[in-house]
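The values are calculated or read from the model by the stated rules, or taken from the named source; none is laboratory data. Because the structure is predicted, anything quoted here is derived from the model rather than measured. Glycine also receives a Cβ, built like all others from the backbone with ideal geometry; neighbour counts cover every protein chain displayed.
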Amino acid sequence: MVTETGFLMLSENSKTRLSLKDWVRHFLPLLRPFRRDLFLAGVAMALGATLSVFRPWPLKVVIDLVISHKRHSRVPFIGPWLEHAALSNQQILYGSCIAIILIALLSGALTYCFTRLLGDAAQRFVFALRGNLFAHMQRLSLHFHDRQRTGDLTTRLTADIQGIQDLLTNGAILMGTNGVQLLGMLVLMFWLDWRFALAALSVVPLLFLTTFRYTRRIKLSVRQARKSTGMMAALAHEALASIRIVQGLAQEDQLDERFEAKSESYLQAYLETVRYQARVGPLADLVASLGMAIVIWYGATRVLSGKLTTGDVVIFFAYVTNFYRPLRSLGRSSYLFNRASVGAERIVEVMNVQSELAERKNARPAPRLRGEIGFRNVSFEYEPGQRVLSQVNLLIAPGEKLAIVGATGAGKSTFASLVPRFYDPTEGAVTIDGVDIREYSLQSLREQISLVLQESLLFSGTIRENIAFGRPDATDEQVAAAARTANAAGFIEALPRGYDTVVTERATSLSGGQKQRIAIARAVLRDAPILILDEPTTGLDAVAERTVMDALERAVAGRTAFIIAHRLTSIHLADRIIVFDGPANLYRAQKRSYRRRLSLSLRQSWGAV
């Protein structure tokens, strides 16, 4: 089983191998709903490939019975009937032509059936796989996401799954039809003349060796290219998401060089793949030509000695030609199979990651919480031996507003993040209303907690959709009421399209204060008993800060609130203040020396404590 702490190393070294257990666990359940379609597609594929095997036989009948005037011709199923039927050469000729057309029509109809059935099943399978992978990624803990590159995860959702889709829609058809054709041709060749069959197939081992000797090398190259693709996507995502900083500091050239370095690794890996594939084709063609020469020489000698008919040689010639073609095709398409295999490996890497926050078996839905929050001997470590919190004991009464201040890196945000279970404490327990929060299901717990972060994160969509994000079933009246509480209704209604105004990807059309008020409206609409404010006024000017503070004062009314602050402006909302001084020490604001300094600062800011 892959752990979250080991996932980064696993991704860097790319050593995951798919086992049968992985296939059964992650992929087979997604194929079960399509087993009927897959069965019908398999039957149609087998019948179509079998009919294709019989395509040269009407020509053999014409050559043997019509052109060469033989008295009999070995033909599967209808051979005895042809020998005893009183048919003229004209009738045999017409019948053979009709047989060719019928075989083509039936093969075409069957090809349509299995291509349609297999294509539909493949698309729906990939749809379900992508949905499962995305859902799994969303539910992994922040400990996992803190250590991963977003661009690489996005590549797994897109390019890696696309590789599997290409294999299912194209590779499965190629493998199925060619496999049945090869088997059918082998049976009929040995049925006609086993000595001739052995002679014709004498070069097949050499062809296999030539075709598949590079398979492992191609797969290694594809795996390296996939890794490079993920790193390249991650760098591009980071650069474009921070484009203002990049352009503001005029560092486009630096990122160009870094991107080119990642792209160079990708280029070299794929060039190596191309080199290997380029070697396979000519070598396979050379070996196939050797096989054809053997067929022509041996067949001609057997015909001259009267052991075979000209039609038999035609069958062998057609089969050997078609026999080598599927093998060459499979060899040349090894890139398709290897790309899908590597993509599946990278998907299974993520699917095998188990979240540290897995729910207990007896977890129950949380009732409506009052908001009494307790920390009992809570310690926390991001990495073993590096404590961020140490033996924290604290009780917050329902409806109490707690301000959390302290130096950067002292553990303020980590402390608050334990309440919605973004992380679990290394030691001790966090309780709400006297119950360990691990006793509740994650979703029911987080449904009763609202967040307003330092960076107002808005999604692409309308302002109404952003406010209602935490409560999608809210009515327009409830959305407007939340906006009024957050002091956002004024500027929203002044926009040309009001609440239907579309927010751009990074909400660059809105000011920092406007984005923050929308985030506050989202938290208000959620109507949760617990509210976490993580430095909500950072980066705002004085006017925007006063507007946001007024909105926050109304938002925290009647709720248990955590107010994380570097600046003193938001502390006046608090009933109590705690101070983090270093990663292992928690002090209360009643500590005399600190309280005097804090009170003096507060008086200077507001005139009173």
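Tabulated data
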| quantity | calculated |
| --- | --- |
| Residue ID - modelled with the lowest pLDDT, chosen from residues in segment 301-323 that are crowded, with 21+ Cβ neighbours inside 10 Å and within 18 Å of ASP285 (Cβ to Cβ) | PHE323 |
| Subset of segment 481-513 that is part of a helix (DSSP H, G or I) and at pLDDT below 85 - its residue that is surrounded by the most Cβ atoms within 10 Å (Cβ to Cβ) | GLY513 |
| Any helices (runs of 4 or more DSSP H) falling wholly within segment 79-161 and containing at least 2 residues that are touching a residue at least 40 places away in the same chain (Cβ under 8 Å) and on the phi < 0 side of the Ramachandran plot | 89-139, 142-145, 150-155 |
| Members of segment 54-78 found to be on the phi > 0 side of the Ramachandran plot and under 53 Å from the mean Cα position of the chain (by Cα), listed by number | PHE77 |
| LEU389 in a loop (DSSP other than H, G, I, E, B), in contact with a Leu (Cβ under 9 Å, 6 or more places away or on another chain) and crowded, with 20+ Cβ neighbours inside 10 Å | no |
| Whichever residue in segment 392-431 is β-branched (Val, Ile, Thr) and within 16 Å of HIS143 (Cα to Cα) and, among such residues, is surrounded by the fewest Cβ atoms within 10 Å (Cβ to Cβ) | THR426 |
| Selection status of VAL430, part of a strand (DSSP E or B) and either charged (D, E, K, R) or closer than 26 Å to HIS572 by Cβ (or both) | no |
| Residue, surrounded by the most Cβ atoms within 10 Å (Cβ to Cβ), within segment 178-204, restricted to residues that are at pLDDT 80 or above and within 23 Å of GLY108 (Cβ to Cβ) | MET185 |
| Enumeration of residues in segment 449-480 that are buried (at least 17 other Cβ atoms within 10 Å of the Cβ), of a type in the set (Ser, Thr, Tyr) and closer than 21 Å to GLY498 by Cβ | SER456 |
| Yes/no for GLY461 being free of Cβ contacts under 8 Å to residues at least 60 places away in the same chain, in the same structural domain as VAL405 (by TED's automatic domain parsing) and touching a strand residue (DSSP E or B) at 6+ places or on another chain (Cβ under 7 Å) | yes |
